[in-house]
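Read through the structure below, which is laid out as structure tokens, and then see the notes.
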Amino acid sequence: MHLELPTGEARALAFAALIAANLVLAFADSAEPGTALFDRRRMVFWAITVVATVVVCIVLYIPAVARMFYLSAPDPLALPAALAVALLTAGWFGLARRAGSVRHR
């Protein structure tokens, strides 16, 4: 698939996907079987996620900040696709751990 995205938008989507993938991987690595998604023990993770989301939004959607990172605001329809890619690229680890094929050290 070849999309004609401007360079700044492509960078912005890659940046958002990279941050999201790291958060998904951290969540998958720290997840314990039988623990609820919004368990009290995960409050720090959710706080970090909220702060990271706010920072990414600032970097992407405030033009002066975006220019410092050579980014431009991505198309609103492309951002969910980038986040889905992040979920797929990092989320497999949690599924594999849950299935027992990956052991945690």
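Working note: Debye formula, equal point scatterers on the alpha-carbon atoms of the chain, no solvent; log10 I(q)/I(0) at q = 0.23 Å⁻¹ is -1.19. Go ahead and run the numbers for FRET between Trp46 and Asp75, Cβ-Cβ distance against an R0 of 41 Å, rounding to 0.05. In this case the efficiency is close to 0.90. Between the Cα long axis of helix 43-61 and the first principal axis of the chain there is an angle of about 10°, rounded to the nearest 10. Select from Ala31, Gly8, Leu87 the residue farthest towards the positive end of the dipole of the chain; place +1 on Cβ of Lys and Arg, -1 on Cβ of Asp and Glu, and compute about the Cα centre. Toward the positive end, the furthest listed residue is Ala31. Contact order for the chain, expressed relative to its length and based on alpha carbon pairs under 8 Å spaced 6+ residues apart, stands at 47 percent.
Measure nothing fancy, just the Cα-based angle from helix 7-30's long axis to the longest principal axis of the chain, in degrees from 0 to 90, nearest 10. Approximately 10 degrees, to the nearest ten.
Values quoted throughout were computed directly from the atomic coordinates according to the rules given, and no laboratory measurement underlies them. Values in this document were obtained by computation on a predicted structure and should not be read as measured data. Cβ atoms come from the backbone with ideal geometry, glycine included; neighbour counts cover every protein chain shown.
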